[in-house]
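Colleague: Please read through the structure below; I'll follow up with questions.
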Amino acid sequence: MELDIAWVRAQFPAFSQPSLTGQAFFENAGGSYTCRQVIDRLHRFYTERKVQPYAPYAASELAGAEMDEARERLAEILGVKTHEVSFGPSTTQNTYVLAQAVRQWLTPGDVIVVTNQDHEANTGPWRRLAAEGIAVREWQIDPVSGLLDLAELPELLDGAKVLAFPHCSNVVAAINDVAAVCKIARRHGVRTCVDGVSYAPHGFPNVGALGCDVYLFSAYKTYGPHQGIMVMREDWGFELPNQGHHFNGESLYKRFTPAGPDHAQVAASAGMADYMEALSTHHGGANPHDLMRGAETALLQPLLDYLKEKNSVRVIGPTNAQKRAPTIALAVQENAESLAKKLAPHGIMAGGGDFYAQRPLEAMGIDLSTGVLRLSFTHYTKKAEIDRLMSALDAVL
């Protein structure tokens, strides 16, 4: 079914703001616009429920109930148990806390496997465990394509305890076969931690079906508030040492949030579920993931075809829209941040730099002082905005 783009954009207040009129947003990989369902819930919490939750009075009971609702409904969307969903201040923080738990679980000489395709948030915390005597192996990308070779994985996993890898990279954007990787890892007795930050904005995955032990993503990139969301499957979650208060040790969703989450933002995260349900209902019960991916790939392929013909840029990652997310990193001949600045007068909001993905960019021979121009969009992007982007690129390249 074709996505009703007018209805979709009506769900995002940013598109009706005078200050953003005439601006095409192409830095969604850094953070999406927020849907009105989330904004409405956040406003209601701050105006009616901004008290300590779970106390025995009405406002507090409502605050706690809304926080519980967010966890329950997101768990249903993600195909996992309610207590397997936890909130933290960011995915970077969630990964760091998880890595500290794993540090206590491992012993010196144990092996973990990371990739050089990752954003630093899902590789740095694991690599730092080398200082504790943990052996770190690297699953390396092809320096031309940026892809990970599944055939190399079994040997790397021999004797390993943990594998951390991305659902898709924030610069390469190739969609990795998470289910296949996790199946191989399980055969080797290896736990898996998947960074879904760059994939989840394009349709929440069924994490239960993927078979990973941990799945992480950022709500502020999935049309919600600035929270990190972590799915921790219960069998490993209760095996790892508690990182929270000792009296919360029996609660899975509290074991890895030592600082405690932002109550209002947790409650507002239920608005993401509101939006996904409304999206489905408006389209006759269609799967939101299919609607979103269908709309994105229809716009992505013509853009990739256009860019392939530009001698002045190198498209990082696959040029087949079906195999990637709509996040395009371009190796360019001038400073990428300066190039992004040149696009701004044309009404194009984009970014340039390394985007905390220095390892994959260096592996592909990209000069970090030049960086890449990143053009990222999502299902609420219109064809007219893609056309405007291509015209702007013609003018500045």
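Colleague: Starting from residues that are touching an Asp or Glu at 6+ places or on another chain (Cβ under 7 Å), at pLDDT 95 or above and within 26 Å of SER218 (Cα to Cα), keep the ones in region 119-163 and report whichever is surrounded by the fewest Cβ atoms within 10 Å (Cβ to Cβ).
Modeller: LYS161
Colleague: Right, here's the next one. Select from region 318-337 the residues that are under 17 Å from GLU27 (Cβ atoms), part of a loop (DSSP other than H, G, I, E, B) and either of a type in the set (Lys, Arg) or in contact with a strand residue (DSSP E or B) (Cβ under 6 Å, 6 or more places away or on another chain) (or both) and list them in ascending order.
Modeller: Within region 318-337, just ALA325 meets the criteria.
Colleague: Next question. Here is a list of conditions, (1) part of a loop (DSSP other than H, G, I, E, B); (2) surrounded by fewer than 24 Cβ atoms within 10 Å (Cβ to Cβ); (3) free of Cβ contacts under 8 Å to residues at least 60 places away in the same chain, and PHE204 meets all of them except one; can you say which number that is?
Modeller: (3)
Colleague: While we're looking at this one, here's another question. Output yes when any residue across region 182-196 is part of a helix (DSSP H, G or I) and either in contact (Cβ under 8 Å) with a residue 40 or more places away in the chain or surrounded by 22 or more Cβ atoms within 10 Å (Cβ to Cβ) (or both), and no when none is. Show your work before the answer.
Modeller: Going residue by residue through region 182-196, those that are part of a helix (DSSP H, G or I) are 182-187.
Subsequent filtering for residues that are either in contact (Cβ under 8 Å) with a residue 40 or more places away in the chain or surrounded by 22 or more Cβ atoms within 10 Å (Cβ to Cβ) (or both) retains 185.
Looking for residues that are part of a helix (DSSP H, G or I) and either in contact (Cβ under 8 Å) with a residue 40 or more places away in the chain or surrounded by 22 or more Cβ atoms within 10 Å (Cβ to Cβ) (or both), one finds at least one in region 182-196, hence yes.
Colleague: Being of a type in the set (A, V, I, L, M), in the same structural domain as ALA357 (by the TED database) and in contact with a Gly (Cβ under 8 Å, 6 or more places away or on another chain) is true for just one of ALA29, ALA10, ALA14, ALA24. Which residue is that? Before you say what the answer is, go through the steps one by one.
Modeller: Working: ALA29 fails: in contact with a Gly (Cβ under 8 Å, 6 or more places away or on another chain); ALA10 fails: in contact with a Gly (Cβ under 8 Å, 6 or more places away or on another chain); ALA14 fails: in contact with a Gly (Cβ under 8 Å, 6 or more places away or on another chain).
The conditions single out ALA24.
Colleague: Scan VAL113, VAL162, VAL144, VAL171 and give me the residue that is touching a strand residue (DSSP E or B) at 6+ places or on another chain (Cβ under 6 Å), under 23 Å from PRO326 (Cα atoms), of a type outside the set (Lys, Arg) and in contact (Cβ under 8 Å) with a residue 40 or more places away in the chain. Let's see the steps before the verdict.
Modeller: Working: VAL113 fails: under 23 Å from PRO326 (Cα atoms); VAL162 fails: under 23 Å from PRO326 (Cα atoms); VAL144 fails: touching a strand residue (DSSP E or B) at 6+ places or on another chain (Cβ under 6 Å).
Answer to the check: VAL171.
Colleague: In addition: Report yes if some residue within region 207-218 is closer than 23 Å to LEU42 by Cβ and either touching a Leu at 6+ places or on another chain (Cβ under 9 Å) or open to solvent by 10 Å² or more (accessible area, probe 1.4 Å) (or both); otherwise report no. Show your work before the answer.
Modeller: First, pick out the residues of region 207-218 that are closer than 23 Å to LEU42 by Cβ: 216-218.
Cutting the leftovers down to either touching a Leu at 6+ places or on another chain (Cβ under 9 Å) or open to solvent by 10 Å² or more (accessible area, probe 1.4 Å) (or both) gives us 216.
Yes, region 207-218 contains at least one residue that is closer than 23 Å to LEU42 by Cβ and either touching a Leu at 6+ places or on another chain (Cβ under 9 Å) or open to solvent by 10 Å² or more (accessible area, probe 1.4 Å) (or both).
Colleague: Can I ask one more? Kindly indicate whether THR297 is open to solvent by less than 40 Å² (accessible area, probe 1.4 Å) and either β-branched (Val, Ile, Thr) or at pLDDT below 95 (or both).
Modeller: Working: open to solvent by less than 40 Å² (accessible area, probe 1.4 Å): yes; either β-branched (Val, Ile, Thr) or at pLDDT below 95 (or both): yes.
Spelling it out, THR297 is indeed open to solvent by less than 40 Å² (accessible area, probe 1.4 Å) and either β-branched (Val, Ile, Thr) or at pLDDT below 95 (or both).
Colleague: All but one of (1) outside the structural domain of VAL207 (by the TED database); (2) over 22 Å from the mean Cα position of the chain (by Cα); (3) open to solvent by less than 50 Å² (accessible area, probe 1.4 Å) hold for ARG49, so report the exception by its number.
Modeller: Of the numbered conditions (1) outside the structural domain of VAL207 (by the TED database); (2) over 22 Å from the mean Cα position of the chain (by Cα); (3) open to solvent by less than 50 Å² (accessible area, probe 1.4 Å), the odd one out for ARG49 is (1).
Colleague: In this structure, does ALA340 turn out to be hydrophobic (A, V, I, L, M, F, W, C), crowded, with 23+ Cβ neighbours inside 10 Å and either in a loop (DSSP other than H, G, I, E, B) or out of contact with any helix residue (DSSP H, G or I) (no Cβ under 6 Å at 6 or more places or on another chain) (or both)? Show your work before the answer.
Modeller: Values: hydrophobic (A, V, I, L, M, F, W, C): yes; crowded, with 23+ Cβ neighbours inside 10 Å: yes; either in a loop (DSSP other than H, G, I, E, B) or out of contact with any helix residue (DSSP H, G or I) (no Cβ under 6 Å at 6 or more places or on another chain) (or both): yes.
Criteria met by ALA340.
Colleague: Find all pairs meeting these conditions: Cβ atoms under 6 angstrom apart; at least six residues apart or on different chains; first residue within region 29-41 and of a type in the set (Phe, Trp, Tyr); second residue part of a helix (DSSP H, G or I).
Modeller: Short answer, once both residue conditions are applied: TYR33/ALA14.
Colleague: Would you check if LYS323 is modelled with pLDDT of 95 or more, more than 30 Å from ALA75 (Cβ to Cβ) and open to solvent by 50 Å² or more (accessible area, probe 1.4 Å)?
Modeller: Numbers: modelled with pLDDT of 95 or more: yes; more than 30 Å from ALA75 (Cβ to Cβ): no; open to solvent by 50 Å² or more (accessible area, probe 1.4 Å): yes.
Criteria not met by LYS323.
Colleague: Considering only residues that are more than 24 Å from the chain's Cα centre (by Cα) and of a type in the set (S, T, N, Q), which ones fall in region 104-158?
Modeller: GLN104, THR107
Colleague: For region 49-75, name all the residues that are part of a helix (DSSP H, G or I), in contact (Cβ under 8 Å) with a residue 60 or more places away in the chain and not small (Gly, Ala, Ser).
Modeller: Matches in region 49-75: GLU66, MET67, GLU69, ARG71, ARG73, LEU74.
Colleague: So which pairs qualify, if the first residue must be in region 243-260 and assigned by the TED database to the domain that holds GLN93 and basic (Lys, Arg), the second must be surrounded by 14 or more Cβ atoms within 10 Å (Cβ to Cβ) and part of a loop (DSSP other than H, G, I, E, B), the Cβ gap must be under 6 Å, and the two must be at least 6 apart or on different chains?
Modeller: Qualifying pairs under 6 Å: LYS254/GLY244; ARG255/ASN242; ARG255/GLY244.
Colleague: For a quick check of your reading: which helices (runs of 4 or more DSSP H) sit entirely within region 228-284 and have at least 3 residues that are open to solvent by 60 Å² or more (accessible area, probe 1.4 Å)?
Modeller: Numbers: elements: 234-237, 263-268, 270-282.
Qualifying helices (runs of 4 or more DSSP H): 270-282.
Colleague: Starting from region 371-397, keep only residues that are within 24 Å of GLN333 (Cα to Cα), then list their pairs with residues that are open to solvent by less than 10 Å² (accessible area, probe 1.4 Å) and among the charged types (D, E, K, R) whose Cβ atoms are within a distance under 8 Å, requiring at least 6 positions of separation or different chains.
Modeller: Pairs found: PHE377/GLU296.
Colleague: Continuing with the same structure: How many residues does region 207-225 hold that are more than 18 Å from TYR380 (Cβ to Cβ), of a type in the set (Phe, Trp, Tyr) and assigned to a helix (DSSP H, G or I)?
Modeller: Residues in region 207-225 being more than 18 Å from TYR380 (Cβ to Cβ), of a type in the set (Phe, Trp, Tyr) and assigned to a helix (DSSP H, G or I): 0 in total.
The values are calculated or read from the model by the stated rules, or taken from the named source; none is laboratory data. On a predicted model such as this, the values are computed, not experimentally measured, just so you know. Note that we place each Cβ from the backbone using ideal geometry, even for glycine, and neighbour counts take in every protein chain shown. Quick note on the areas: whole protein, heavy atoms, side chains included, nothing else; ligands and nucleic acids left out. Shrake-Rupley method; radii C 1.70, N 1.55, O 1.52, S 1.80 Å.
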